[in-house]
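Notes follow the structure.
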Amino acid sequence: MKPTESELEILQILWQKEEATVREINDQLNDQREVGYTTTLKMMQIMLEKGLVAREEINRSHTYKAAVSEEKTKQVLLNKFVASTFRGSAMKLVMQALGNHEASKEELDDLKKLIKNIENK
């Protein structure tokens with residue numbers, strides 16, 4: 001399961017709202033860029049076939065929910081990204097990210113806590 005960029009945009013809306021109609025999703029997508037209603041509807045139908053969303057009919061209106069969890073989706077996408085871009089090395093990813101981004105004191109403290117937790121396992 002690897003959602004496309006457009007599918008991921010829709011999933012992010014559903015994860016935030018928990019459920020929404022095609023119209024609600026389309027309206028929110030249009031806040032970022034112009035997307036036609038029929039394009040959004042077609043994407044939702046494809047996502048339903050792929051098992052990324054579930055659909056429920058309420059008062060002649062279709063309501064959609066994410067059928068995949070946000071955390072699991074992030075984990076799958078990150079694992080594929082690390083494998084293909086950093087040859088499977090999470091350390092190379094972290095080093096690249098820290099080398100190209102000035103981390104705040106809070107971010108560095110969080111990273112230190114994460115390292116301590118991993119060491120204590």
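The values are calculated or read from the model by the stated rules, or taken from the named source; none is laboratory data. Small disclaimer: the values here were computed from a predicted structure and weren't measured. Neighbour counts are summed over all protein chains in view; Cβ atoms, including those assigned to glycine, are modelled from backbone coordinates with ideal geometry. To get the accessible areas, we keep the full protein, side chains included, count just its heavy atoms, and leave off ligands, DNA and RNA. Shrake-Rupley method; radii C 1.70, N 1.55, O 1.52, S 1.80 Å.
What's the whole-number percent of alpha carbon pairs in the chain lying beyond 21 angstrom? Cα-Cα pairs of the chain separated by over 21 Å account for 54 percent. Looking at the chain, the accessible area is 75 square angstrom per residue; that uses a 1.4 Å probe and ignores ligands, DNA and RNA.
Of the solvent-accessible surface of the chain, computed with a 1.4 Å probe and all protein chains present, 50% belongs to carbon and sulfur.
Just how large is the dipole of segment 28-117 about the Cα centre, in debye to the nearest 20, putting +1 at every Lys and Arg Cβ and -1 at every Asp and Glu Cβ?
Using Cβ point charges on Lys, Arg, Asp and Glu, segment 28-117 gives about 400 debye.
Please check which bits of segment 7-24 a label hung off SER69 would reach, taking the label as a point 7 Å along Cα-to-C-beta and the cut-off as backbone N under 17 Å. Counting only backbone N, you get 12, 15-16, 18.
Between their Cα atoms, which of LYS2/LYS65; LYS2/LYS50; LYS50/LYS92 are more than 21 Å away from each other?
Details: LYS2/LYS65 17 Å; LYS2/LYS50 10 Å; LYS50/LYS92 32 Å.
The answer is LYS50/LYS92.
Remark: the LYS92-LYS116 segment gains 6.7 nm on full extension, using 0.36 nm per residue and subtracting the alpha carbon distance. Between ALA67 and VAL53, ALA54, the built amide H atoms are under 5 Å apart, and every one of these is 5 or more places off in sequence or on another chain.
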